[in-house]
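Asker: Supplied in C-alpha cells, the structure appears directly below.
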Amino acid sequence: MSEENGFSLRITPAGADVDPAEVEELAIQFRRDLLASGISGVTRAVEGPAPDGTRSAELLAAGIGFLVTGLSTAASVAQIADYVQRWRQAHPRRRRVLVSVEAGAPSGGAAASGTAGRRSALLVANAAYQDPGLSRLRSPVSDIMALAQVLGEPGIGAFDVETLTDASESVLRRRVAALFADRRPDDVLLLHFSCHGLKDQRGRLYLAAADTELDSLAATGLPASFISEQMSESASRSVLLVLDCCYSGAFARDAPVRADRTVYLGDEFRGGGSGRTVLTASSATEYAFEGGRLTSYEAQPSVFTEALVHGLRTGGADLDHDGEITVDELFDYVARRVREAGVGQVPRKWSFETTGALVVARSVRPAVLPEEVRADLGSDRPVLRLEAVRALAELLAGGREGYRRAAREALAGLRNDDDSRQVRAAAAAALGDVAPPRLPPPAVPPPVIETPAIETPEVETPGVEAPSPSPPGSAPVPVTKRRLVLVFGAIGLVVAIAATIGIFSALPTQRTTESGSGPAGFGATLGMITLSHGGSIESAELSPDGRWVVTLDPPVNRAAAQIATLWDTSTGQKVATFDTDNGVVFSPDGNLVAGTYFDGKREVTTVDGESMGVLSGGTMTVSLRNTSRGDVMASFTGHQGSAAVAFSPDSKTVATASMFATDRPFDAPIRLWDPSTGKLLATLTGHRNGIQSMGFSQDGKVLVTGAAGGVTKVWDVVGGKATATLDNAWFPVWISPDGKTLADTLPGGKDGFELRRVPDGKRLASVAKAGRFAGFTPGSKAYATDKDGGVRLFDLATGKVRATLTATVQGDLVFSPDGKLIAAATKEGEPALFDAATGQGLTPLTGHTGKVTDLTFTADGQALFTTGTDKTVRKWNVKR
C-alpha cells in the first residue's frame, strides 16, 4: 500500500475589492473541482486557535483553508500547484482569489463518524416574545416542524427528535443540559435554534427565550457560554450546533449601535470540547434597537432552515453521491441555496477537533459507486471485473447503506448477466447464493432496408400551385438534426456545426471490410472507445464536434433526476458526474454543456393506475458546465416548471425560459445570457404562458419562440423586440438557417404544419397529412418531413418532393456539412447512411450492440461519430 501525503490549501482574496462571500463561493467551487478531479479527501480546515488579538471571524474573512488527503507520494507540491494555476486561469473570476499550497497537512482517512450510537436532536423555535421590544419572527415554528419531520425519518435522519416552541429560559436550560448529559462518544447530537440572537455591550452572545427581557439580558437570556460548556462536558464526539438566528447590534435598550456589527461565533463556541461543528445562517448583526424596538437593519426572512430541510428531504445535499450526507456537504449545499436566494445572508461553518466526516443523514438518492469500481465493472477483461467483485463485496460489508444497496445491485447484475463463469460465481459468492446458468444471447437479424409507404400530403399554399409528387430520383437535400436549439422537454431543430481537431487520436485503429455499394473503406470503423460506465444507460448525447459525450442513467423513479456523466471521447476518461432533470444540450462549439435540476419536493403518485412523478415547491435551475473540466461556469435560477434552453450558433448567447404551462396567463420572459460570464444580456417580454420551443437563426439575429396556448413570436435579438406575434401557431417551432422562414405545428398537434415568412409571420403554406416537420436544410432551400419513420424532402419554393429515403428510420437525422449524406438510425436501432441525391440507403454501419441515440459528422464531413446504449462511441469513415 502506498504511503499517503497531505497538503494544506488556503484561499484568500486577491484584492481589497473581494468580499468574504465571494471568497466563500469560489472556495466551495474549488473544493468540488478537487473532488471531481479524483482526490479522495478535501476537508474544510478548522480555523484553529486564533493568534493573539485575532478573532475567528477575521481569520475566516482573511482566508479559507482545506486539508487535502488521500494523495500518493508521487503527487508533489509542484503538481498540486500546477493544478491550482490551471484552475485559476480557466476563468477570469477565479483570479479574484489567491490559492497557496503547503505540504505536510495531516493525512486523513478516518472512517466517517456519526453513523453509530444514539442519534438525538433538540430543535428550538422561539417566535413570540413577552418583551415588546422583540419583534415576532416569521415562520420559525413551521420551519422547525419540517426539519423535525425529515430528521426523524428513519430512512433519512433517523434522529430521536424533541421540539421546543416559545419556551422560557429555564426550560431551555434544562432541555439543553439534558441533551448533552449521559452520552457516549459515538452518540450523535444535533441542537438547532431559530430565534433572536442578542449581543450585550461586552460582546457576549445570548439566545432569546420567550421570557427574555432586554433590560435584564444576563438574567433572562440563554448564554452562548452555557451551550458551549454543555457541549464541552458531553462525552459525545459528534455534535452539530445549528443557529438560524438574526443578531442585533446593541442590546441594552436605547444604547448606541456599536461599530463592530460582527458576532464572533467561533469564539463563543470554541470551548475545550472536541468533535463539534457549528453552522450559522450568518455571523453579522442584521438589525438594531432604536427607541427600544427593532428597526432599520431588519433582514429578510431566513431561508437557511428551509435550505437544510430541502437538502435532506430531496437528497440534493449528497454532493458526492455516496448515499450519505455529511455536515460538510450539507453546509456547501445550504450556502449555495442561501446565496442564490439573494437574501443577504452569508452562512458560516466552524469545526473544532473533528475526526472523520459527521454523517447527518442518509440520502434518498441512490449511491453512485466509486469511479474505479465502475471502471472495472465496464471492462471487457474478466480479471478486472473480478477485482470489481472484490471491491463490491467490501462495500456490501461496509457501514454505508447507500453503497451497500448499490453494491448489491451491481453484484446481482454480474451474477445474472456476466459472460464469464468465474465472475458470475464470484458475484454469487459475494451475495451468498449460486449463479444461474448463462444462456446464449438471441441472434440479432441484420437491418432490413425497406421503402415505407407515405401518403401524399395536402398543401394549401396562398398564391402557389399545390405540389404534386415527383419521382424519388429528383435532387434531394439532407435532413437537419436537432442540435443548437434543443429545448428541454420539447422538440427542436439544429444545424450540426462540428469543429473536430485531433479527436479520437488515442483510439485504436480498426478497419472493417468493404461494405455496401460505396468505394473501398466507405462505412468502415475508424475507431471505437468503450466508456467505463457501471450499470445500464438510457441514452447518450454527443457534442457537435464529437469530442464529448454525456451518458444518462435511467431515473430510479418517475420523480427522480437522472445521473449524467460527461466523458472525453479522445481518452475515454470521465470528466464529471451531475444530476439533470431534462437531459442535456451542448453549445455549438462543444465547450459547454447545459443541464437542469429541480430544487423542490419530489413525489411519486398513482393516477388511474399509472405511476407519475410530481415536482412541487421549487424551481428549475439551468447550469452550464465547462466540458474540459466539468465545473459549473454559470447557473440561471427561478424557472417555473421545466426550462427551455437554446444556444446561439456562435455559442456567445444562451436563451432560457420557463416551460410551465397553465390555463392562467402569467408573464413568461425569455432571458438572454452571456455564457462566459453568466451576466444577463437582455430580457424579452410578451409571452403569457410557458415557452415550449425556441431556436436561433444561423446568424443569431432572429429568435423564434413557441409558447403553450399556441402563441408564437418572432424576435429581433439585436433590438430586443418582437417583430411578429402569431396566434394559433403551435409548438414545436423551427426557423430556417437563413432566418427567412419559420415552421409551426398545426393546431391541436395535427398531422401537419405551417410555413411562414420572417420577420412578419405571413403564412406561406399550410401542409396537412405530411407527418411532422423534421427541419430545414442548411441552405434553407428545402425542408424535411417524417411520417411514421418515412422521410421525404420538399422544395421550399414549390412544395414538390425532392427525395424519399428508402428506409424507415427513427429519431433524429443529421446531414453532412456538404449536404451529400444523411445519417440516421434505422428502426432496428443501427446507424445507416443515405445518399442525399437519391434517398438511396448506402450502407448500414454495423457494430453497435445497443440502440444508437446520437450521431454527428465531423467538420470536414469525412467521418461520422455515433453513440448509444451500448456505452461505446464509434467513428466511421464516410469519405467517398
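Asker: With the condition kept exactly as written, say whether any residue in the stretch 768-780 is farther than 24 Å from Leu672 by Cβ, among the aromatic types (Phe, Trp, Tyr) and within 32 Å of the chain's Cα centre (by Cα). If you could, list the steps in order and put the result at the bottom.
Answerer: So in the stretch 768-780, the residues farther than 24 Å from Leu672 by Cβ come out as 768-774, 777-779.
Then keep just the ones that are among the aromatic types (Phe, Trp, Tyr); that gives 773.
Applying the additional criterion that residues be within 32 Å of the chain's Cα centre (by Cα) yields 773.
Checked the stretch 768-780: at least one residue is farther than 24 Å from Leu672 by Cβ, among the aromatic types (Phe, Trp, Tyr) and within 32 Å of the chain's Cα centre (by Cα).
Asker: Which condition does Gln692 not pass, out of (1) assigned to a strand (DSSP E or B); (2) surrounded by fewer than 23 Cβ atoms within 10 Å (Cβ to Cβ); (3) not aromatic (Phe, Trp, Tyr), if it passes all the others?
Answerer: Tallying (1) assigned to a strand (DSSP E or B); (2) surrounded by fewer than 23 Cβ atoms within 10 Å (Cβ to Cβ); (3) not aromatic (Phe, Trp, Tyr), Gln692 fails exactly one: (2).
Asker: Determine whether Thr656 is farther than 27 Å from Gly752 by Cα, of a type in the set (Val, Ile, Thr), in a strand (DSSP E or B) and at pLDDT 95 or above.
Answerer: For Thr656, the condition - farther than 27 Å from Gly752 by Cα, of a type in the set (Val, Ile, Thr), in a strand (DSSP E or B) and at pLDDT 95 or above - is met.
Asker: If you scan the stretch 599-643, which residues turn out to be assigned to a loop (DSSP other than H, G, I, E, B) and within 27 Å of Gln29 (Cβ to Cβ)? Can you show your working first?
Answerer: Kept after step one, since they are assigned to a loop (DSSP other than H, G, I, E, B), are these residues of the stretch 599-643: 599-600, 608-609, 617-619, 627-631, 640-642.
Correct list: Asp599, Gly600, Gly617, Gly618, Thr619, Thr627, Ser628, Arg629, Gly630, Asp631, Gln640, Ser642.
Asker: When the residues of the stretch 129-161 are filtered to those that are over 24 Å from Lys601 (Cα atoms) and at pLDDT 85 or above, which remaining residue is surrounded by the fewest Cβ atoms within 10 Å (Cβ to Cβ)? Give the steps one after another, and end with the answer.
Answerer: Going through the stretch 129-161, the residues over 24 Å from Lys601 (Cα atoms) turn out to be 129-137.
Filter once more, keeping what is at pLDDT 85 or above: 129-131.
Working: Tyr129: 21, Gln130: 13, Asp131: 17.
Ranking the qualifying residues of the stretch 129-161, first place goes to Gln130.
Asker: Out of Gly535, Gly590, report the one residue that is part of a loop (DSSP other than H, G, I, E, B), open to solvent by less than 20 Å² (accessible area, probe 1.4 Å) and touching a residue at least 60 places away in the same chain (Cβ under 8 Å). Step through it out loud before you land on a result.
Answerer: Details: Gly535 fails: open to solvent by less than 20 Å² (accessible area, probe 1.4 Å).
Of Gly535, Gly590, the one residue that is part of a loop (DSSP other than H, G, I, E, B), open to solvent by less than 20 Å² (accessible area, probe 1.4 Å) and touching a residue at least 60 places away in the same chain (Cβ under 8 Å) is Gly590.
Asker: Right, Thr725: touching a Lys or Arg at 6+ places or on another chain (Cβ under 7 Å) and surrounded by fewer than 16 Cβ atoms within 10 Å (Cβ to Cβ) or not?
Answerer: Numbers: touching a Lys or Arg at 6+ places or on another chain (Cβ under 7 Å): yes; surrounded by fewer than 16 Cβ atoms within 10 Å (Cβ to Cβ): yes.
Yes, satisfied.
Asker: Here is a further query. Asp812 is checked against (1) under 21 Å from Ser780 (Cβ atoms); (2) modelled with pLDDT of 90 or more and fails just one. What number does that condition carry?
Answerer: Going through (1) under 21 Å from Ser780 (Cβ atoms); (2) modelled with pLDDT of 90 or more one by one, Asp812 breaks only (2).
Asker: Identify, by number, the condition in (1) crowded, with 18+ Cβ neighbours inside 10 Å; (2) at pLDDT below 90; (3) farther than 22 Å from Ser642 by Cβ that Val575 doesn't meet.
Answerer: Just one mismatch for Val575, condition (2).
Asker: For the stretch 772-797, how many residues are part of a loop (DSSP other than H, G, I, E, B), closer than 22 Å to Leu726 by Cβ and not polar (S, T, N, Q)? Give the derivation first.
Answerer: Initially, the stretch 772-797 is screened for residues part of a loop (DSSP other than H, G, I, E, B), giving 777-781, 788-789, 796-797.
Among the residues that remain, those that are also closer than 22 Å to Leu726 by Cβ are: 780, 796-797.
When the remaining residues are screened for being not polar (S, T, N, Q), the result is 796-797.
Here the count works out to 2.
Asker: Okay, next question. Inside the stretch 747-765, can you point out the residues that are of a type outside the set (Asp, Glu) and either more than 18 Å from Thr712 (Cα to Cα) or open to solvent by 20 Å² or more (accessible area, probe 1.4 Å) (or both)? It would help to see each step written out before you state the result.
Answerer: Quick first cut of the stretch 747-765, residues of a type outside the set (Asp, Glu) only: 747-750, 752-753, 755-759, 761-765.
Passing the criteria: Pro747, Gly748, Gly749, Lys750, Arg756, Arg757, Pro759, Lys762, Arg763, Leu764.
Asker: Please determine whether any residue of the stretch 276-289 is in a strand (DSSP E or B), modelled with pLDDT under 90, surrounded by fewer than 22 Cβ atoms within 10 Å (Cβ to Cβ) and hydrophobic (A, V, I, L, M, F, W, C).
Answerer: Yes: the stretch 276-289 contains one or more residues that are in a strand (DSSP E or B), modelled with pLDDT under 90, surrounded by fewer than 22 Cβ atoms within 10 Å (Cβ to Cβ) and hydrophobic (A, V, I, L, M, F, W, C).
Yes or no, residue by residue, for (1) hydroxyl-bearing (Ser, Thr, Tyr); (2) over 25 Å from Gly117 (Cβ atoms); (3) out of contact with any Pro (no Cβ under 6 Å at 6 or more places or on another chain):
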residue: Thr165; (1), (2), (3): yes, yes, yes
residue: Arg184; (1), (2), (3): no, no, yes
residue: Gly197; (1), (2), (3): no, yes, yes
residue: Gln201; (1), (2), (3): no, yes, yes
residue: Leu205; (1), (2), (3): no, yes, yes
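Asker: All but one of (1) surrounded by fewer than 18 Cβ atoms within 10 Å (Cβ to Cβ); (2) modelled with pLDDT under 90 hold for Gln862; which doesn't?
Answerer: With respect to (1) surrounded by fewer than 18 Cβ atoms within 10 Å (Cβ to Cβ); (2) modelled with pLDDT under 90, Gln862 is out only on (2).
Asker: Go through the stretch 81-108 residue by residue and tally those that are modelled with pLDDT under 55 and open to solvent by 80 Å² or more (accessible area, probe 1.4 Å). Walk me through it before giving the result.
Answerer: Pass one, the stretch 81-108, residues modelled with pLDDT under 55: 103-108.
Keeping just the survivors that are open to solvent by 80 Å² or more (accessible area, probe 1.4 Å) gives 106.
Looking only at that region, the number is 1.
Asker: Testing Arg337 on (1) more than 20 Å from Asp599 (Cβ to Cβ); (2) in contact with an Asp or Glu (Cβ under 9 Å, 6 or more places away or on another chain); (3) charged (D, E, K, R), one condition comes back false. Which one is that?
Answerer: Tallying (1) more than 20 Å from Asp599 (Cβ to Cβ); (2) in contact with an Asp or Glu (Cβ under 9 Å, 6 or more places away or on another chain); (3) charged (D, E, K, R), Arg337 fails exactly one: (1).
Asker: Same structure, new question: Within the stretch 385-412, work out how many residues are assigned to a helix (DSSP H, G or I), in contact with a Gly (Cβ under 9 Å, 6 or more places away or on another chain) and open to solvent by 30 Å² or more (accessible area, probe 1.4 Å).
Answerer: Residues that pass the stated criteria total 5.
Asker: Residue check, Arg390 against (1) among the basic types (Lys, Arg); (2) at pLDDT below 85; (3) out of contact with any His (no Cβ under 9 Å at 6 or more places or on another chain), all met but one. Which one?
Answerer: Here Arg390 clears every test but (2).
The rows are residues; the columns are (1) part of a strand (DSSP E or B); (2) closer than 25 Å to Ala559 by Cβ; (3) touching a helix residue (DSSP H, G or I) at 6+ places or on another chain (Cβ under 7 Å); (4) modelled with pLDDT of 85 or more.
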residue: Ile325; (1), (2), (3), (4): yes, yes, yes, yes
residue: Glu329; (1), (2), (3), (4): no, yes, no, yes
residue: Ala335; (1), (2), (3), (4): no, no, yes, yes
residue: Gly344; (1), (2), (3), (4): no, no, no, no
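Asker: One residue is enough: does the stretch 772-788 have a residue meeting the conditions closer than 17 Å to Gly710 by Cβ, open to solvent by 10 Å² or more (accessible area, probe 1.4 Å) and not hydroxyl-bearing (Ser, Thr, Tyr)?
Answerer: Residues of the stretch 772-788 closer than 17 Å to Gly710 by Cβ: 772-773.
Narrowing further to those that are open to solvent by 10 Å² or more (accessible area, probe 1.4 Å): 772.
Filter once more, keeping what is not hydroxyl-bearing (Ser, Thr, Tyr): 772.
Within the stretch 772-788, one or more residues are closer than 17 Å to Gly710 by Cβ, open to solvent by 10 Å² or more (accessible area, probe 1.4 Å) and not hydroxyl-bearing (Ser, Thr, Tyr).
Asker: Quick check: anything in the stretch 215-228 in contact with a Lys or Arg (Cβ under 6 Å, 6 or more places away or on another chain), modelled with pLDDT of 90 or more, of a type in the set (Val, Ile, Thr) and surrounded by 15 or more Cβ atoms within 10 Å (Cβ to Cβ)?
Answerer: no
Asker: Going through the stretch 590-610 one residue at a time, which ones are within 19 Å of the chain's Cα centre (by Cα) and at positive phi?
Answerer: Listed by number, the list holds a single entry, Gly590.
Asker: Of all residues in the stretch 163-191 being in a strand (DSSP E or B) and farther than 22 Å from Ser363 by Cα, which is least open to solvent (accessible area, probe 1.4 Å)? Talk me through it step by step, then tell me what you get.
Answerer: Within the stretch 163-191, the first condition is being in a strand (DSSP E or B), and the residues that meet it are 163-165, 188-191.
Retained after the next criterion (residues that are farther than 22 Å from Ser363 by Cα): 163-165.
Values: Thr163: 52, Leu164: 24, Thr165: 62 Å².
So, considering only residues that are in a strand (DSSP E or B) and farther than 22 Å from Ser363 by Cα, the one least open to solvent (accessible area, probe 1.4 Å) is Leu164.
Asker: Something else now. In the stretch 741-764, what residues are more than 28 Å from Asp788 (Cα to Cα), out of contact with any Leu (no Cβ under 6 Å at 6 or more places or on another chain) and touching a residue at least 24 places away in the same chain (Cβ under 8 Å)?
Answerer: Hits for the stretch 741-764 are Pro759, Asp760.
The values are calculated or read from the model by the stated rules, or taken from the named source; none is laboratory data. Predicted model only: the values in this text are computed from it and were never measured. Cβ sites come from the backbone with ideal geometry, for glycine too, and all protein chains shown count toward neighbours. SASA here: full protein model, heavy atoms, side chains in, ligands and nucleic acids out. Shrake-Rupley method; radii C 1.70, N 1.55, O 1.52, S 1.80 Å.
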